[in-house]
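This report refers to the structure that appears directly beneath it.
The values are calculated or read from the model by the stated rules, or taken from the named source; none is laboratory data. Here the structure is a predicted model, which is why all the values come from computation and not from measurement. FYI the Cβ positions are ideal-geometry reconstructions off the backbone, even for glycines, and counts take in every protein chain you see.
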Amino acid sequence: MSEMNLQTGVLIVGAGPAGLGVAAALKRAGVQDILVIDAREIGASFRQWPRQMSLLTPSFHSNSFGLTDLNAIDPETSPADFLRTQHPEGRHYADYLQAVAAHHQLPVRTGIRVTSLKKEGDMFIACTENGEVRADYVVWSAGQFFSPREDAFPGAHHAIHSSKVADWSSLIGEDFTVVGGYESGVDAALNLVEAGKSVRLLSRGEPWSSDHPDPSRSLSPRTLDRLRGLLRTKGKASKLELVKNTDVRHIEEGEGWWILRDQDDIPHVSKTRPILANGYHSGLGPVGDLFTHDGNGLPVFSEEADESTCTPGLFYSGPALVHRNALFCFIYKFRARFGVIAYEIATRLGKPEVDQKLIAYLKAGFMNSDLDCCTNCECAIESSDSAPEPSSFTQ
Ligand SMILES: Cc1cc2nc3c(=O)[nH]c(=O)nc-3n(C[C@H](O)[C@H](O)[C@H](O)COP(=O)(O)OP(=O)(O)OC[C@H]3O[C@@H](n4cnc5c(N)ncnc54)[C@H](O)[C@@H]3O)c2cc1C
């Protein structure tokens, strides 16, 4: 592509749910001078999900009753209605994102990667491989999917990260070892067993028995249902071995075999390349230095509008958002701030009647400024034991 130099009021980096969701909210708030750029294409990370993977958060068209579809990125659309399915696959969810971008006529340019961002005076300058983009405000929404934790421990690079598998049924071999017992690891294991393979899943703790009420910290009901279903099925249950309290610290590659060593140096031999389902870096990539970080190295965001506390005018939208120890890593969580960010930027730009224009966002829970939302999220009644934990099938 030839050299381009662009200028915009608000630059949004990343055309996934976070970037498109903020762009739609900004338009609703009366901000027209927007540019969304993406290194790849709209919904790129969802297009790269393994073929068998689907959203675990359910989609249901409940919008008209004030309960917006959990996977919707603006208050007036519903993936359930658009796709006619409850758990959309990645590529279908990407189609939904594309339809929302078209519906709102969002100005999206693809194939442009931001390599660095700096602020000179009041102006941001984003360097891309194709030239510069200048902007008054920037919303960083580049996600985490393209930053897998492939370097988490010595020898981790010998494994294949779960995000790099296009189709579980196409992996060659019969016996697999999966490292990581949360959503991605259990999803990988279930899909491999469904494809007729045997799987040993090594997990730090025992997430399949955790009763933490926050689905960001325990397995979702959808995944528990799938796990129970498989463990109840004769011929499949014996193909899945769940190994708890095993923290893989090292992988060594031999000739046609791999040795994984845990915290006690106990070796686990795998005859196929191990699968690493250990998640993603929570950092902000090239803009990490433009945010302050807490004692655990996590970026800090202003409570008012998810803005950098050291670079005014730089906002964040997406799954790395954390407030008061609450993780906003699901779409239904981080979308709760779309209206908050849009309100702040539109107001600073002097747009009139922003409150009124964003009323639909406020009503639908897309403009949540009450950060107590997840400090006490336990159900008022105790968990029932009528649905047995998956661990009860494996003892
Ligand atoms: C295995 C898995 C299962 C999940 N299941 C669910 C679920 O069931 N429900 C749920 O709510 N969430 C789920 N999530 C989380 C959800 O997918 C993410 O939170 C969501 O994709 C984040 O949206 P995003 O827009 O921030 O990032 P992405 O969707 O990753 O979009 C970021 C975009 O930014 C672009 N980009 C990246 N770097 C640059 C750059 N330097 N310059 C320009 N563009 C760039 C990328 O190409 C990409 O298109 C899951 C995630 C994973 C990995």
| message | Just to check your reading of the model, which residue among 203, 270, 184, 218 is under 19 Å from residue 52 (Cβ atoms), buried (at least 16 other Cβ atoms within 10 Å of the Cβ) and not assigned by TED's automatic domain parsing to the domain that holds residue 45? | response | 184
| (1) assigned by TED's automatic domain parsing to the domain that holds residue 52; (2) among the hydrophobic types (A, V, I, L, M, F, W, C); (3) in contact with a helix residue (DSSP H, G or I) (Cβ under 7 Å, 6 or more places away or on another chain): which one isn't true of residue 112, the others all being true? | (3)
| query | Do we have residue 278 as in a loop (DSSP other than H, G, I, E, B), without any contact (Cβ under 8 Å) to a residue 60 or more places away in the chain and closer than 22 Å to residue 147 by Cβ here? | reply | no
| said: If a residue must be outside any loop (DSSP other than H, G, I, E, B) and either surrounded by fewer than 18 Cβ atoms within 10 Å (Cβ to Cβ) or touching a Lys or Arg at 6+ places or on another chain (Cβ under 7 Å) (or both), how many such residues does the range 96-123 contain? | reply: 12
| request: Scan the range 331-347 for residues that are surrounded by 19 or more Cβ atoms within 10 Å (Cβ to Cβ) and either at pLDDT below 95 or within 15 Å of the ligand (Cβ to nearest atom) (or both) and report the count. | output: 8
| remark: Selection from the range 135-180 of residues without any contact (Cβ under 8 Å) to a residue 24 or more places away in the chain and part of a loop (DSSP other than H, G, I, E, B) yields 151
| Just a yes or no: is a residue in the range 326-344 over 17 Å from the mean Cα position of the chain (by Cα) and in a loop (DSSP other than H, G, I, E, B)? | no
| remark: Checked 283, 256 against criteria (surrounded by fewer than 17 Cβ atoms within 10 Å (Cβ to Cβ) and within 13 Å of the ligand (Cβ to nearest atom)); the one match is 283
| Do we find that residue 290 is within 16 Å of the ligand (Cβ to nearest atom) and either surrounded by 13 or more Cβ atoms within 10 Å (Cβ to Cβ) or of a type outside the set (Lys, Arg) (or both) in this structure? | yes
| field | Residues located in the range 247-278, provided they are touching a Gly at 6+ places or on another chain (Cβ under 7 Å) and of a type in the set (Asp, Glu) | value | 252
